[in-house]
1. So is Phe113 touching a Lys or Arg at 6+ places or on another chain (Cβ under 6 Å) and at pLDDT below 95 or not?
2. Kindly provide the set of residues from the stretch 48-69 that are in contact (Cβ under 8 Å) with a residue 24 or more places away in the chain and outside any helix (DSSP H, G or I), ordered by number.
3. Just for the stretch 89-118: of the residues that are polar (S, T, N, Q) and assigned to a helix (DSSP H, G or I), which one is surrounded by the most Cβ atoms within 10 Å (Cβ to Cβ)?
4. List the number of the failed condition for Leu72; all other conditions in (1) crowded, with 17+ Cβ neighbours inside 10 Å; (2) at pLDDT 95 or above; (3) under 25 Å from Pro27 (Cα atoms); (4) among the aliphatic types (A, V, I, L, M) hold.
5. Is it true that Thr132 is of a type in the set (S, T, N, Q) and either touching a residue at least 60 places away in the same chain (Cβ under 8 Å) or exposed (fewer than 15 other Cβ atoms within 10 Å of the Cβ) (or both)?
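The values are calculated or read from the model by the stated rules, or taken from the named source; none is laboratory data. Bear in mind the structure is a predicted one, so any value in this text is a computation, not a measurement. We place every Cβ from the backbone using ideal geometry, glycine too, and count neighbours over all the protein chains shown.
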Amino acid sequence: MSLGPANVLVDQTSGAFTLIDWDEIGPISPSRELASQLWTWHLHNGQPDIAGIRETVTAYREAGGTADISDLGAFSFGLACDLNYLADEISAAMDTEMPPSMREYAERQAERFLADLPSPGQLAAIVQAARTV
């Protein structure tokens, strides 16, 4: 579940991708993986990138992908992972045994993360866009 823009390095010469930070890798259902990636890559400043969602789902289908995103339940895995991360950051921010700089960093991360959590309406827009492909 670490396949986000911050974990993809692009070689400026060849355009090849290198994936980093695979600490949460493991099997999940294809629909939940697709939903998580659509949310991660195509929700910007609170607005779903409908064209980007459709392009991604089209490319996924053309590559043989068969997962469907039929409802908000498809986002459960991604939300659970993100909320787990948030809990870790909050714990670190409150841990008086941590150095102040690390506590402050964790607090900033938690605040940023809370501001970026998608609303049910935003996720519903992603579902709708994915279903129209």
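1. No.
2. Pro48, Gly65, Thr66, Ala67, Asp68, Ile69
3. Residues of the stretch 89-118 that are polar (S, T, N, Q), as a first pass: 91, 96, 101, 109.
When the remaining residues are screened for being assigned to a helix (DSSP H, G or I), the result is 91, 101, 109.
Details: Ser91: 12, Ser101: 8, Gln109: 17.
This residue is Gln109.
4. (1)
5. yes
A quick yes/no check of all residues on (1) at pLDDT 70 or above; (2) acidic (Asp, Glu); (3) surrounded by 10 or more Cβ atoms within 10 Å (Cβ to Cβ); (4) farther than 18 Å from Ala74 by Cα:
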site	(1), (2), (3), (4)
Gly4	no, no, yes, no
Val8	yes, no, yes, yes
Asp11	yes, yes, no, yes
Pro27	yes, no, no, no
Pro30	yes, no, yes, no
Gly52	yes, no, yes, yes
